[in-house]
Amino acid sequence: MMLRKIVEESHNRSIEFGISPEQKYSNRILEKDELIKRLKKSSDLILASEKIINKLYNEIKDTHFLAVLTDEKGCVLSIIGDEQIGEIVFNMGIHPGVFMDEKSIGTNAIALTLIEDKPIQLHGDEHFIEAFHDMTCSCVPIHDESNVIIGTLDLSGYSYSIHTHIIGTLIAAGYAIEKNYELTRLQNSINNQYYLPSCFYTIPIPAFIIDHDGFVIFNNDRIRTIFGYVPEKMNVYNLISDWHKIQGRLADGLNVEDVEVKIDSKLNRVKIFISVYRVNMNPDEANYVCYFKDIELKRKNEDNVNNSRATYTFDKLIGENNHFLRTIEFAKKISNSKSTVLLIGESGTGKEIFAQSIQNYSKRKNQPFIAINCGAIPENLIESELFGYEEGAFTGAAKGGRKGKFELADGGTIFLDEIGELPYELQNRLLRVIEEETVSRIGGTEKIIDVRIIAASNKDLKEEVEKKRFRKDLYYRLNVLPIYLLPLRERKEDIPLLFDYYQNKISNRLNKKQIEIPDEYYDKLIQYPWPGNIRELQNFVELIINTEALPDIDFNHTENLISLNNNVYEEELSLVKVEKRQIAKILKKYDCNITLAALVLGIARNTLYRKIENHKIDCSKL
C-alpha cells in the first residue's frame with residue numbers, strides 16, 4: 001500500500017511537470033558531444049558495472065529482460081539485454097544520453113529510485129506514460145563510499161515476465177557494483193579510449209568503431225551476429241561494399257541512419273541496415289561509430305506496430321493478365337462504396353491482399369482494417385470474437401467486458417475470410433448487423449457502427465445455400481459487389497512476373513542471394529498447374545532461396561510442388577552462357593566499374609566492352 005501511495009504522488013508530480021500519458025519520448029536527450037562528456041564523467045561507474053552487468057545478463061538472457069545503467073541524474077549510460085526487446089526499447093527512444101528522471105518522462109522505476117533512494121518495482125499502468133504500460137521495471141540505487149547516489153541499475157521487461165526474485169538479484173548486483181566502484185576509483189588509469197568502448201559494448205545492437213583510415217578499432221560481442229566473425233583491425237571498405245557511398249554522405253555532412261548496404265558476411269547475409277555517427281575520441285582525428293540492424297528483425301518489428309491497418313495497395317498487385325487488370329479496375333471503382341463486397345476465389349489467390357488494397361484505395365484508408373478468419377475460431381468463441389461481450393455476460397468474462405471485431409473496425413473495414421465457415425446460427429446475427437448497421441455485445445445493448453464489410457470464400461456459396469448450410473438472405477446481402485479472382489493456372493503469363501517478384505522480396509527478407517533461373521525452367525513453371533495458387537508459388541520460391549537449388553518439377557505429382565522428390569534441376573550450360581553469367585556477376589559486384597571488372601576478369605577494358613555488347617548485358621539492370 002505504501003508503494004501505491006508513492007506511485008500516486010509521482011503521477012501527480014508528472015502532471016505538474018507537464019508530462020502527457022501519450023508522450024512517447026523523454027523531454028531531455030543529450031547531443032553527441034554532451035553524451036561523450038557525460039560518459040567520461042561516469043567512466044568509473046561504467047567500468048565498475050561492466051562485468052557485473054554482463055554476468056547479470058547471462059543469468060537473465062532467456063527471460064527477455066533488459067539491464068539499464070544510469071547516472072545520479074537518471075541519464076542512461078549503457079544498455080544490455082535480449083536483442084528483440086532491446087531493439088523495441090531502442091526504438092522507443094531509450095538509449096545512452098536519454099534522461100529517465102520524473103521531470104523528463106514521468107513515473108518510472110528509475111525516477112522513483114532516485115527520489116526515494118531505495119529499490120522500486122513498477123508494473124504496467126503504474127508507469128505514467130502509456131508507452132511503458134506493457135512493461136515491468138525493477139530498479140536499485142548505487143552509492144559511493146559516502147553513501148551518495150551515483151547511479152541506478154534497472155531491469156525492464158514485458159509485464160508477463162515478472163519474477164519475484166528480480167529485486168533480490170538486483171540488490172546483490174548493486175552492492176557488487178558499489179564495491180567494484182571503490183576499487184576502480186583507486187586505479188586512476190581511466191582514459192578516453194576505455195570509456196567509449198564500454199558504452200558500446202553494452203548496447204544490444206551490433207556495433208563497431210572505425211578510425212579515420214577506416215580500420216576497426218573497437219567492436220562489441222554482438223558484431224558476430226552480423227558478420228559471423230570479429231572484424232578486428234579490418235578495413236571497413238573490405239567489410240561493406242557500399243562504404244564509398246556512406247563516406248560520400250558523411251563528407252557532405254548528411255546523416256546516415258538505417259541505410260541499406262551490402263556486407264561481406266560468413267552467415268549468408270547480403271544486406272543490412274547501418275547507422276553511422278561521427279565521434280572525436282582524439283580531437284585531431286575523426287572516428288565513426290557504426291550501428292547495424294538486422295533487416296528481418298527490423299521489418300518484423302515494423303510489422304507489429306500497426307497490425308490493425310491495411311498494408312497492401314493495388315500497385316503491389318503483380319500481373320498483366322487482361323482479366324486480372326480489369327478486376328483491379330473494378331475494385332478501384334467500388335472502393336469508396338459502402339456496399340458489401342464478396343471476394344470469390346480458390347485458396348491462395350490473394351483475397352485478403354485485394355481486401356486490403358480496396359481499403360487503402362478508399363476514404364477509409366486511415367481507419368482500422370480488422371481481419372478475422374471465420375473458419376479458424378472455435379464455434380463456442382466466434383460469437384464473442386465478432387460481437388464482444390459485457391462484464392458478467394458469462395462465467396470467465398473479463399472485467400469491464402471486451403470489444404468485438406465489429407466494434408474494433410468502427411469507421412473502417414472488417415474482412416470476414418472463409419465466410420462460408422460461419423456457423424449457421426450466427427449468420428442471422430451477421431445479417432442483422434448488415435441490415436441495421438448496429439452491433440450488440442453478448443449481454444449488452446445495441447450500438448450504431450460504421451463498418452464496411454468485405455467477405456471472402458473459397459467455397460461456392462450458391463451451392464452451400466442449396467445444401468442449407470448458408471442462409472440465402474445473407475448470401476444476397478453479401479453478394480452485392482462480387483469480385484472473382486482467377487486461379488494462377490488461368491494467369492500463365494503472370495507466373496514469371498510473380499516468380500521474379502517473390503524471389504526479390506523473399507531474398508531481401510531472408511537476407512540471402514537470388515537464384516538465377518534459366519529460360520527452360522521458366523517454361524516448366526508456366527506449365528505447372530499450381531493447385532495452391534500464388535501461396536504455393538510463394539512457398540516454392542522460398543524453398544529455392546533457402547536451398548539455393550532448383551527442384552525438378554514432376555508433372556505426375558500436382559498435389560503440392562513443395563513435396564516433390566529432392567532431385568535438383570541441372571541445366572546444361574554452354575560456354576557462351578557461362579561467360580555471360582560470370583561477366584554479369586563481376587560487373588554487378590563492382591557496380592559496373594569497367595576498370596575493376598576487367599582487372600578481376602583478367603581481360604582488357606576494350607575486350608570487356610565488346611563482350612558486354614555481344615552478350616547484350618545491361619549494366620543499369622544489374
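When region 460-502 is limited to residues that are aromatic (Phe, Trp, Tyr) and touching a Gly at 6+ places or on another chain (Cβ under 7 Å), the one that is nearest to Gly345 (Cα to Cα) turns out to be Tyr484. When Asp494, Asp500 are screened for being crowded, with 17+ Cβ neighbours inside 10 Å and either within 36 Å of the chain's Cα centre (by Cα) or under 29 Å from Asp315 (Cα atoms) (or both), only Asp494 passes. In summary, Ala549 fulfils each of the numbered conditions (1) modelled with pLDDT under 85; (2) open to solvent by less than 50 Å² (accessible area, probe 1.4 Å); (3) part of a helix (DSSP H, G or I); (4) farther than 20 Å from Ile617 by Cβ with the single exception of condition (3). One residue stands out among those in region 130-149 that are open to solvent by 30 Å² or more (accessible area, probe 1.4 Å) and in contact with a Pro (Cβ under 8 Å, 6 or more places away or on another chain): the one that is modelled with the highest pLDDT, which is Ile149.
Candidates in region 336-358 are the residues that are polar (S, T, N, Q) and buried (at least 20 other Cβ atoms within 10 Å of the Cβ); of these, the one that is farthest from the chain's Cα centre (by Cα) is Thr349. Residues of region 359-381 that are part of a helix (DSSP H, G or I) and surrounded by 11 or more Cβ atoms within 10 Å (Cβ to Cβ): Gln359, Asn360, Tyr361, Glu379.
Criterion first (in a helix (DSSP H, G or I), modelled with pLDDT of 75 or more and more than 30 Å from Ile240 (Cβ to Cβ)) does Thr169 satisfy it? In short, yes. Here Tyr389 meets the list (1) within 15 Å of Leu422 (Cβ to Cβ); (2) crowded, with 20+ Cβ neighbours inside 10 Å; (3) touching a Lys or Arg at 6+ places or on another chain (Cβ under 7 Å); (4) not charged (D, E, K, R) almost entirely, failing just condition (1).
The set of residues in region 13-36 that are surrounded by 12 or more Cβ atoms within 10 Å (Cβ to Cβ) and free of Cβ contacts under 8 Å to residues at least 40 places away in the same chain contains only Ile15.
Checking each residue in region 459-491 for being part of a helix (DSSP H, G or I) and open to solvent by less than 30 Å² (accessible area, probe 1.4 Å) picks out Leu461, Glu464, Val465, Leu474, Tyr475, Leu478, Leu488. Taking region 503-522 as the range and being open to solvent by 60 Å² or more (accessible area, probe 1.4 Å) and touching a helix residue (DSSP H, G or I) at 6+ places or on another chain (Cβ under 9 Å) as the test, the residues that pass are Lys505, Arg509, Lys513, Gln514, Glu516.
With respect to (1) open to solvent by 30 Å² or more (accessible area, probe 1.4 Å); (2) at pLDDT below 85, the lone exception for Ile594 is condition (1). The C-beta contact set for region 439-453 (first residue more than 12 Å from Gly404 (Cα to Cα), second residue open to solvent by 70 Å² or more (accessible area, probe 1.4 Å) and in a strand (DSSP E or B), distance under 7 angstrom, 6+ apart or interchain) is empty.
A single entry from Gly404, Gly375, Gly345, Gly400 fulfils the requirement of being at pLDDT below 85 and under 26 Å from Arg471 (Cα atoms): Gly375. With respect to the conditions (1) in a helix (DSSP H, G or I); (2) surrounded by fewer than 13 Cβ atoms within 10 Å (Cβ to Cβ); (3) not basic (Lys, Arg), Gln427 falls short on a single one, namely (2).
Just checking, does region 43-54 include any residue being open to solvent by 10 Å² or more (accessible area, probe 1.4 Å), modelled with pLDDT under 80 and touching a strand residue (DSSP E or B) at 6+ places or on another chain (Cβ under 9 Å)? Taking every residue of region 43-54 in turn, none turns out to be open to solvent by 10 Å² or more (accessible area, probe 1.4 Å), modelled with pLDDT under 80 and touching a strand residue (DSSP E or B) at 6+ places or on another chain (Cβ under 9 Å).
The values are calculated or read from the model by the stated rules, or taken from the named source; none is laboratory data. Keep in mind the model is a prediction, meaning the values are calculated, not measured. Counting neighbours? That spans all protein chains shown, and the Cβs are built from the backbone with ideal geometry, glycine included. Only protein heavy atoms, including side chains, enter the accessible area calculation; ligands, DNA and RNA are left aside. Shrake-Rupley method; radii C 1.70, N 1.55, O 1.52, S 1.80 Å.
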